[in-house]
Amino acid sequence: MPRRSVMFSPGDRPELMRKAPAAGADTIVFDLEDAVAPGRKEEARAAVRDVLTDPDFDPDAEVCVRVTGTETYRDLEALVDDGDAAFDAVMLPKAESADAVEQLGDQLREHDRSVPVIALIETARGVLRAESIADAEPTDAVAFGAEDLSADLGATRTDEGTEVLYAREKTVAAAAAAGVDAIDTVYTDFGDEAGLAEETRFAATLGYDGKMAIHPSQVPVINDAFTPEDDEIAWAERVLSARDAAAADDRGVFEVDGEMIDAPLIAQAERVREYARLAGEWDGDRDDE
């Protein structure tokens, strides 16, 4: 299932964590790292554990925990050994090597939790090693963090984002090569819906599958930006219908709207269908599988 919107919720704010699924994000991330002050880590671990062990907390969204990169083992001990918390994925901040991802995967297996890892690429070293990070066995997605990267580079953040464009493109290329999801950076001005929509649409043109959010109000804007337009959906329907007809007639090549359709275009149509379904814009009664 695509991760269009990946929303963070502070790990030391249980009332916000319990409300987080109502925002409609595909993935919610309970944050033990940046959102929590150093002196409140233990309190945050306990709060996240309490929410994730509550049988009444049963969200439709994927539930992820962003661990603290320097105290990952303590995070997992608190969540699993002391509480058997239910979560679907773990986010590794400042991922700088495949070894770091593999080490987290080993720690998860030690705790009988072989869940996917979302590797956050947000340092210069991480960008330079993006391919191997995306290729690491536990990696299910890579996320790009422009704010921390800019600080690491000593770059000045601009509205145009040219100072991080190379890293942004390299991250999505690494994800595509490895066959994992690519999740774009946060948009820090959560009051600027127009700016968020524009940046999210640009991220989609780069090939990103989703975008991180820091506030519930950003989620519907992000989801909408990743929803295909009506003409895209209609095109995808024609392509997939023609594909099925060609397969029934044992034909490997077929034409739609005067265009020869090959595997990349079929994959594009399937992607449109997947995102349209998430938005409730696809006719689920039609048999196009």
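What follows draws every value from the coordinates through simple rules; no lab data is involved. Fair warning: this is a prediction, and the values are worked out from it, not measured in the lab. Ideal geometry is used to build each Cβ from the backbone, glycine not excepted, and the neighbour counts take in all protein chains shown.
Give me TYR275, TYR73 ranked fewest to most by other Cβ atoms within 10 Å of their Cβ, as a rough exposure proxy.
If I rank by nearby Cβ atoms, fewest first, I get TYR73, TYR275.
Could you please tell me the mean projected area of the C-alpha convex hull for the range 230-278, averaged over all directions and given in square nanometres to one decimal?
Answer in nm², one decimal: 3.2.
Sort 56-64, 206-214, 86-94, 222-230 by packing, meaning the average of other beta carbons within 10 Å per residue, with the highest value first.
Put in order of decreasing packing, that is 206-214, 86-94, 222-230, 56-64.
What is the calculated FRET efficiency for ALA155 to ARG277, with r their C-beta to C-beta distance and R₀ = 35 Å, to the nearest 0.05?
Working from the Cβ atoms, E equals 0.35.
Using R₀ = 35 Å, calculate the FRET efficiency as 1/(1 + (r/R₀)^6) where r is the Cβ-Cβ separation of ARG201 and VAL253; round to 0.05.
For ARG201 and VAL253, the calculated efficiency is 0.60.
Short version: ³J(HN,Hα) in whole Hz for each residue of the range 38-55, in order, from phi by Karplus 6.51 cos²θ - 1.76 cosθ + 1.60 (θ = phi - 60°), x for Gly and Pro, what are they?
x, x, 10, 4, 5, 4, 5, 4, 5, 5, 5, 4, 5, 5, 7, 9, 7, x
For the Cα atoms of the chain, what angle does the longest principal axis make with the long axis of helix 263-278, in degrees from 0 to 90, nearest 10?
For 263-278 against the chain, the angle is about 60 degrees.
Just to be sure I understand the curve: with the Debye formula and one point per C-alpha of the range 1-120, what is log10 I(q)/I(0) at q = 0.11, 0.15, 0.16, 0.22 Å⁻¹?
Values returned for q = 0.11, 0.15, 0.16, 0.22 Å⁻¹ are -0.31, -0.60, -0.68, -1.36.
Which of the peptides 255-268, 184-197 is most tightly packed, and how do the rest follow, going by the mean number of other Cβ atoms within 10 Å of each residue?
The most tightly packed comes first, giving 184-197, 255-268.
Pairing the Cα long axis of helix 165-178 with the longest principal axis of the chain, what angle in degrees results, from 0 to 90 and rounded to the nearest 10?
Tilt of helix 165-178: around 70 degrees.
Using the beta-carbon distance between ASP112 and SER132 and R0 = 25 Å, what value does 1/(1 + (r/R0)^6) give for FRET efficiency, to the nearest 0.05?
Computed FRET efficiency for ASP112 and SER132: 0.40.
In what sequence do THR123, THR53, THR70 fall when counting other Cβ within 10 Å, fewest first?
Going from sparsest to densest Cβ surroundings: THR70, THR53, THR123.
Arrange ILE233, ILE183 by Cβ neighbour counts within 10 Å, fewest through most, would you?
Lowest count first: ILE233, ILE183.
Report Rg (one decimal) and Dmax (nearest whole number) for the range 142-289, counting Cα atoms only, units Å.
18.1, 59
Using only the alpha-carbon atoms, how far is helix 98-110 inclined from the longest principal axis of the chain? Give it as 0 to 90 degrees, nearest 10.
70
Based solely on its DSSP helices, what 222 nm [θ] is calculated for the chain when runs of n ≥ 4 H residues each add -39,500 (n - 2.57) and the sum is averaged over all residues, nearest 500 deg cm²/dmol?
Theoretical 222 nm ellipticity from helices: -13000 deg cm²/dmol.
In 5 Å bins starting at 0, how do the alpha-carbon pair distances of the range 5-225 split up by percent?
Calculated P(r), rounded to whole percents: 1, 8, 16, 19, 21, 18, 11, 5, 1, 0.
In the chain, what % of DSSP beta bridges are antiparallel (nearest 5)?
Around 10 percent antiparallel, to the nearest 5.
What's the local net charge at GLU110, with K and R +1, D and E -1, over the other residues with C-beta under 11 Å away?
-2
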